[in-house]
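Have a look at the structure below before the remarks.
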Amino acid sequence: MYTISRFSQLCKMSTRMLRHYDKEQLLKPIHVDATNGYRYYEKNQLETALRIKKLREYKFSLPEIKTMLLITDEKSMNKFLHLKIRELSSEMNQYKGIIAEIQGVIEQKADMILGEKRTYDVLFGIRNEIMVISQRLRINIVDMDKYIDSLYEKAEEKHIQLLGSPSATFWEEEFTSDDCDIELMIPIFQGLDQDAPKEYRIEKLPEKIIATTIHIGSYDYIGYAHMALEEWIANNGYRLDGPPYETYLKGLECDCSPEEFVTLVCFPIIKK
């Protein structure tokens with residue numbers, strides 16, 4: 001049998017994605033150790049993992065893939081493939097509409113940036129004291145998801161129970177995509193770990209007053225959510241009481257397009 005880390009190397013699939021497929025009843029480990037929760041896979045599951053990857057490349061959804069994995073006859077499989085061809089052909093027509101819209105931008109008949117037209121509801125509340133497993137790094141922003149996966153792996157190795165979605169704090173005022181000072185955090189249910197290795201920390205975040213808003217869609221436009229919070233804070237007599245952070249409620253690990261991403265933007269604040 002193979003550990004989840006080794007199996008992820010063999011099928012070139014992140015451990016976080018393998019956990020997601022386990023949760024979705026799509027690719028379950030052959031064995032889960034009752035004492036430590038370790039997941040194990042066997043040799044013949046590699047073919048299933050690779051089939052899932054290929055079907056994802058063909059743009060099949062997870063429910064569709066779950067059904068296709070149960071199909072044993074070629075005729076039924078071809079029926080699904082023909083349906084996907086028709087679906088993709090329809091999407092191609094939609095792309096033609098996008099191309100026409102882009103042409104309209106070029107000809108100044110349409111507005112390219114729609115983010116500023118969004119409205120954001122700001123919520124005011126208390127973030128309770130919470131334990132987190134965290135890691136502060138200097139990385140290329142495109143590698144962030146890989147390091148989040150690594151943090152999940154470290155939590156599993158230490159038998160740490162996770163309680164929520166991952167968050168990121170960007171520490172530098174000036175954003176540099178290829179050399180970003182970022183802290184990744186995941187809420188946990190566990191006391192302080194005195195033997196935690198240097199590559200990550202387990203710490204207690206204090207109770208904070210926070211202002212929050214939800215951004216739905218691509219990260220490209222998330223700056224408007226930050227601007228909405230900054231405006232609310234200025235208009236209501238508050239100031240920052242720590243760096244803002246983003247919590248990724250629905251992101252790259254989900255079976256969805258960037259337009260469906262859901263991000264909670266949080267600003268710790270204090271009265272002036």
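All of the numbers you see were taken from the coordinates with simple rules; none came from a lab. Nothing here was measured: the structure is a model prediction, and the numbers come from that model. Heads up, the Cβs are rebuilt from the backbone with ideal geometry, glycines too, and the neighbour counts pull from every protein chain shown.
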_Neighbour-count order for Ser165, Ser90, Ser218, fewest beta carbons within 10 angstrom listed first_ = Ser90, Ser218, Ser165
*Once fully extended, how much extra length lies between Asp33 and Asp220, figured as 0.36 nm per residue of separation less the alpha-carbon to alpha-carbon distance?*
63.2 nm
*Quick one: Lys208, Lys146, fewest Cβ neighbours within 10 Å first, how do they rank?*
Lys146, Lys208
*What's the longest bit of the chain with no exposed GluC sites (Glu not before Pro), using DSSP loop states and at most 16 other Cβ atoms within 10 Å as the test?*
208-272
*Treat the count of other C-beta atoms within 10 Å as a stand-in for reagent exposure and order Arg39, Arg51 from fewest to most.*
Arg51, Arg39
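Just to verify a number: FRET efficiency for Asp121 and Met1, C-beta to C-beta distance, R0 = 51 Å, to 0.05? Can you show the working numbers first?
On the way: r = 49 Å, r/R0 = 0.96.
Computed FRET efficiency for Asp121 and Met1 comes out at 0.55.
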*asked:* Compute a Gaussian network model of the chain, connecting alpha carbons closer than 10 Å, and tell me which residue from Ile99, Ile233, Ile65 fluctuates the most.
replied: Ile99
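Can you give the extra length, in nm with one decimal, that the chain gains between Glu207 and Trp171 once fully stretched, where that is 0.36 nm per residue apart less the Cα-Cα distance? Before the final figure, lay out each step's value.
Values: separation 36, 0.36 × 36 = 12.96 nm, distance 1.98 nm.
That pair, Glu207 and Trp171, stretches by 11.0 nm at full extension.
Trypsin sites (Lys or Arg not before Pro), restricted to the stretch 54-112: which are DSSP loop and have at most 15 other Cβ atoms within 10 Å? Can you show the working numbers first?
Values: sites: Lys54, Arg56, Lys59, Lys66, Lys75, Lys79, Lys84, Arg86, Lys96, Lys109; in loops: Lys59, Lys109.
Hits after loop and neighbour filter: Lys59, Lys109.
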*asked:* For a quick size check, give me the Cα extents of the stretch 132-272 along its three principal axes, largest first, whole Å.
replied: 45, 36, 27
*Between Gln25 and Tyr58, what is the label-to-label distance in nm when each label sits 7 Å out along the Cα-to-Cβ direction?*
2.3 nm
*Taking the chain as a Gaussian network, where each spring joins two C-alpha atoms under 10 Å apart, which residue of Ile141, Ile98, Ile126 fluctuates the most?*
Ile98
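Using the C-alpha atoms of the stretch 9-76, what convex hull volume per residue, in cubic angstrom, is computed?
Hull volume over Cα atoms, normalised by residue count, gives 99 Å³.
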*Calculate how large, on average over all directions, the projected area of the Cα convex hull of the stretch 15-171 is; give the answer in nm² to one decimal.*
15.4 nm²
